[in-house]
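Encoded as structure tokens, the structure appears first; notes follow it.
The values are calculated or read from the model by the stated rules, or taken from the named source; none is laboratory data. Model, not experiment: these values are computed from the prediction. We place every Cβ from the backbone using ideal geometry, glycine too, and count neighbours over all the protein chains shown. These area figures cover heavy atoms from the full protein model, side chains too; ligands, DNA and RNA do not enter into them. Shrake-Rupley method; radii C 1.70, N 1.55, O 1.52, S 1.80 Å.
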Amino acid sequence: EALLFDVPQQRRIMGKKFTGNPHDVGEMARRFADSILQAATGKRGPFDTKLAFVSTRGGRFKEVYTSWLDGGGLFRVTDNPTINLFPDFSHDGSHLLYLSYKSYNPELYVVDLERQIETRINPGLGQAVGGALTPDGQIVAAYERGGRTNLYLLTQAGGMVRELTHNSALMVRRPLCPAGVQFALPSDRSGTPQIYAASLVGGDAHRLTYKGSYNSAPSFSPDCKQIAYESREGGGFQIYVINLDGSVAQRLTQSGSNESPTWSPDGRYIAFSSNRGGGSRIYLMRARDGYVIAPLTEGQGNESNPAWSWWMGG
């Protein structure tokens, strides 16, 4: 049982009672921390969530890991002598999608994290270059064929639902609005890679970015009103946030090369990879102003491609 008191006003603000085994204490603490922010601000905190990321901490190969936001519960999802990239959680956190070269060709895989069962996604559309899971369990996947990359909506078994783009698109990494009705994509249809947004049910994509020669890795905010993305500047990348109508592109990072932004489910924070400390690590910053709070990973290897889950407790 955990209680929160306002000492000057001599009143109890909130209280929570949890029941479980000793190994559930960490989970209880995370949920209580979320409840404290809920009571103090009216918005739930981001602590009962997980990060997925790519790391070379186990050797020279890039493997996919998951952990709690505080670094506890580190779990190695992949274990193969090759390259694994671009993890993405399902909405309930029970499944993880990632790209792997373990069959000698880049292909997408979906892992049931609880049962440790893996499914290879092979719709025969070309070489996979990335993907993301929709809130209802479908897959938005990017495939390259004949020098052109396009996006497709697939079932979780890999069956075709519909083609989403007919023009050239680029890499897809966590591009979905959490409400599941829109997606963002980087495309070079205008000559240089820029960020576009479109509907999953069809219609033309509308261009959001007009500044920067190479903009990529779009990530929707939880309320679907903003998109974070990386923009190439001076030999590296910096992270920006732009409104969905294309207004107010705000630069959040200032030093080093910073890539792969991913939002916390409460919209307060963005995790990203950066080489500002030497090797690449995952960092946490405030979404409203780019203030970097702390590194989220220990830097035991180069770490990249962070993906932030929704709340694990529902």
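Some points to look at:
- Of all residues in segment 1-50, those satisfying the criterion of being open to solvent by less than 80 Å² (accessible area, probe 1.4 Å), more than 14 Å from residue 264 (Cβ to Cβ) and part of a loop (DSSP other than H, G, I, E, B) are 18, 20, 42.
- The set of residues in segment 239-255 being of a type in the set (Ser, Thr, Tyr) and either over 22 Å from residue 183 (Cβ atoms) or not in a loop (DSSP other than H, G, I, E, B) (or both) consists of 240, 253, 255.
- Hits in segment 251-261 - residues which are at negative phi and either surrounded by 18 or more Cβ atoms within 10 Å (Cβ to Cβ) or touching a residue at least 24 places away in the same chain (Cβ under 8 Å) (or both): 251, 252, 253, 254, 257, 258, 259, 261
- Residue within segment 84-96 that is open to solvent by 30 Å² or more (accessible area, probe 1.4 Å), modelled with pLDDT of 95 or more and either over 30 Å from residue 181 (Cβ atoms) or among the polar types (S, T, N, Q) (or both) present: no
- The condition of being in contact with a strand residue (DSSP E or B) (Cβ under 7 Å, 6 or more places away or on another chain), open to solvent by less than 50 Å² (accessible area, probe 1.4 Å) and modelled with pLDDT of 95 or more holds for only one of 199, 264, that being 264.
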